[in-house]
Amino acid sequence: MQGRGRRTAAPKQNDNPNLSKRALSPDLQATILQFDSELGINVGFDVGRRSMELAGRSVAMYYINGFTKDLDMLQVMKSLNEYVEADAKKPGFDLERLVNEHLYYLQVSREKEIRKIYYHILSGRIALLFDGEDEAVLIEARQFPGRTPEEPDIERVVRGSRDGFTEALVTNTAMIRRRIRDPRLRFKLVKVGRRSQTDVAVAYIEDIAQPYLVEDMLKRIQEVDVDGLPMAEKSLEEFLTAGDWNPLPRVRYTERPDVSAMHLLEGHVLVLVDTSPSVMITPVTYFHHLQHAEEYRQNAPVGIYLRLVRYLAVLASIFVLPLWLMVSMRPELLPASLAFIGPKEAGSVPLFLQVLVAEFGLDMIRMAAIHTPSPLATALGLIAAFMIGEVAIKVGLFHPEIVLYIAVAAVGTFATPSYELGQANRLIRLFLLTMVAAFSWPGFLVGLVMVGTLIVSTKSFGYSYFWPVVPFSWSMLGGALWRGPVPAKRMRPSFLKPIDPDRLPEEFAGTSGGSARPAGAGVSQTTAEKPTAAVEKGRQRRGRRREQMDELPESTVRWRHSRRSLWEWVRSRWGRQ
């Protein structure tokens, strides 16, 4: 389904070699013949052309049915009619006057190169060609067919925003801009695909993200040489990550604008592809795939508990079945208190084959549920649970414990926030099952070492995939593994080497439990003008602390900032300055 392609040395543009790169001719009739031939006028029904006379000049208007708004088209015609009426007072055709005084649109541009004019027409803009002029007028009067923003199905939260990305690139960038009103937020546009000319936007914050990280991402995208991106972001990801056979996801996908904004503020680079609601977050670590927006919509203790449960679910999805198979094949490995685990007698079907059949059967049910209409999905679940599972146990195909542990593994997979990581963990589980079936407990240990080596050696765009464990970073370990209070997470992830590593003001980070507040905010004027002795004493103490910090070396100051932890924040919340 994906077109053949490669990453070449460094082409500047992803151009279609079949389209003309010549400049526009002033001879309108010759231009119309060329445009009609190459755009397929009167061959297809979606590309339209209208010819007319304007102030003694022949004009051709090209547009795409379905992209152009009817009201905007009427406004264009009205503007042209006003120009004709004004021509009686100022005789002579003047393209500059037409654009500046009569076409009242936010985005009106002019273009001379035919190939670029084709791109704008096929993107939905209106193109006006004038006899005797060697440039076309392009009017942004398009609308994209698509749905309205709604909450993503796989990233739902109990409390929080309900909007999500759509298939329109402009809508997605607007939702991110709504959350980060920073003039240094950048969206750089790149075209990918010789035929598809897909719009790809690279998003970053200029004074946070490392410049070489942004340049590397832009270079990787510009080097993609392919005819099209029919699968949008997934096709592009395989080019960016060299398309190897590593099952671990090197990018994180999200359809939530708030998650995207949070990662931008950390120093990540985002890649948005037109026609896709999924945004790529780069680079990422293994622990980024274990975070969920729900944890940050609850209090810190609740968020820590939710993440702990999530960790246990992920571990259960990987290790429960291999461990059960191992102790079932070697019961002497179990202590006496756990002797009830495992079958008491061997069945007619080997245990390993039973586990494989159950695994493949669960995947078949999952795929069937995806392709089953919603009203019938409940019936499918009943059939799978009561008919297939119950009958399989009664006839002796499955041991009852297998159904239990398959269900535990399935729940752990669905509890994994990243769908891509959940699928990778499924393959790791099958690998460990095979190693256990072949070599018993030594195979499990060897397989565990191989999986650990794979995770540690994996790189995400040149960055360590298992940071902050490898390479070890004690100051960042707590923030990466646990959901701490926002005021306690002062420093941005150090592996990204952000230009501005500090997130909070000096005197309020990690100690006061909040952001800076002007004097007197939230209190009466009398209280603001005459602070109590305790308040004044606290101000003096913070002043002396700032003076002491100014005298320390920069490395020592940065180290002390990173030491501020959850306990300091809790103490400050209880009033201990």
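Read the figures in this text as sums done on the coordinates, not as results from a lab. The structure presented is a predicted model; accordingly, all values stated were derived computationally and were not measured. Glycine gets a Cβ as well: all are built from the backbone with ideal geometry, and neighbour counts include every protein chain shown.
Here are the numbers:
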| quantity | calculated |
| --- | --- |
| 10 Å beta-carbon shell around Ile64, net charge (K/R +1, D/E -1) | +1 |
| Value of relative contact order over segment 254-411, rounded to a whole percent, pairs C-alpha under 8 Å and six or more apart | 19 |
| Karplus (6.51, -1.76, 1.60) ³J(HN,Hα), θ = phi - 60°, over segment 354-362, in Hz, Gly and Pro reported as x | 4, 5, 5, 4, 5, 4, 5, x, 5 |
| Linear extension gain, Lys69 paired with Ser337, 0.36 nm per residue minus alpha-carbon span | 89.2 nm |
| Val302 versus Gln423: modelled label distance in nm, points set 7 Å from Cα along the beta carbon direction | 3.3 |
| Reciprocal mean inverse distance between Cα atoms of segment 169-284 - Kirkwood radius, Å | 14.2 |
| Potential lengthening between Lys344 and Asp244 on full extension [0.36 nm per residue; Cα-Cα distance subtracted] | 31.6 nm |
| Principal axes of segment 28-139: Cα extent on each, largest first, Å | 41, 29, 21 |
| For segment 115-159, Kirkwood radius (reciprocal of mean inverse C-alpha pair distance, Å) | 13.8 |
| Gained length - Val449 relative to Asp27, 0.36 nm times residue gap less alpha-carbon distance | 144.8 nm |
| Mean shadow area of segment 267-320, taken as a quarter of the surface of its Cα convex hull (nm²) | 5.3 |
| Label point distance in nm, Ile393-Asn100, each placed 7 Å from Cα along Cα→Cβ | 8.2 |
| Total formal charge among the other residues, if their Cβ is under 13 angstrom from that of Thr166, Lys/Arg +1 and Asp/Glu -1 | -4 |
| Rg to Rh, two decimals, where segment 300-460 supplies the alpha carbon set and Rh follows Kirkwood | 0.99 |
| Sequence-distant residues sharing a close amide H with Ala141 (under 5 Å, placed H) | Ile126 |
| Ratio of Rg to Rh over segment 244-291 (Cα coordinates, Kirkwood Rh, two decimals) | 0.96 |
| Quotient of C-alpha Rg and 2.2 N^0.38 Å, computed over segment 148-216 | 1.33 |
| Long-range tail of P(r) for segment 106-253 (Cα pairs > 26 Å, %) | 41 |
| Kirkwood-Stokes translational diffusion coefficient of segment 249-389, alpha-carbon pairs, 4 °C, 1.567 mPa s, µm²/s | 67 |
